[in-house]
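The values are calculated or read from the model by the stated rules, or taken from the named source; none is laboratory data. Worth saying up front: this structure is predicted, and the values here are computed from it rather than measured. Quick reminder, even Gly has a Cβ in these numbers, built from the backbone with ideal geometry, and neighbours come from all protein chains shown.
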Amino acid sequence: MSYFVYLIVSKLKKNKKFSYVGYTSNLKKRINLHNLGKGAKFTRGKKWRLVYYKKYDSKSLAMKNEYILKKDYKLRNEIIKKK
C-alpha cells in the first residue's frame, strides 16, 4: 500500500496563509474531508488547496517524513512560494 505526505494551504483575509501537513493512504479522500470540515480540528472551517505531496511505499517512512515537514517551517514556506 502507498502512503502520501501532503501539504495544504488556506488563504484568509489580508493574505495570511495557514498550512497543514499530514499523511494518508487516500490523498483525494483526505483533502475532501478537510474541505468538508471533517479533517483535523485545525483544518475545520477553511477552504484548503493541495500544494505538495510525495508518495512513500511504507507507512513508517511516510510518518517520519511527515514529522520532518511539520517541524521545518522554512521548507514549508519554500514549497508554498513555489506554487
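Of the conditions (1) over 22 Å from Lys83 (Cα atoms); (2) at pLDDT 95 or above, Leu36 clears all except one; give me its number.
Result: Leu36 fails condition (2) only.
List the number of the failed condition for Glu78; all other conditions in (1) in contact (Cβ under 8 Å) with a residue 12 or more places away in the chain; (2) over 12 Å from the mean Cα position of the chain (by Cα) hold.
(1)
Cβ-Cβ distance below 6 Å, separation of 6 or more or different chains: which pairs start in the stretch 32-43 with a residue that is in contact (Cβ under 8 Å) with a residue 24 or more places away in the chain and end on one that is among the β-branched types (Val, Ile, Thr)?
Here the result reads His34/Thr43, each pair linking the stretch 32-43 to a residue that is among the β-branched types (Val, Ile, Thr).
Only helices (runs of 4 or more DSSP H) wholly contained in the chain count here; list those with 1 or more residues that are surrounded by fewer than 12 Cβ atoms within 10 Å (Cβ to Cβ) and of a type in the set (Gly, Ala, Ser).
59-71
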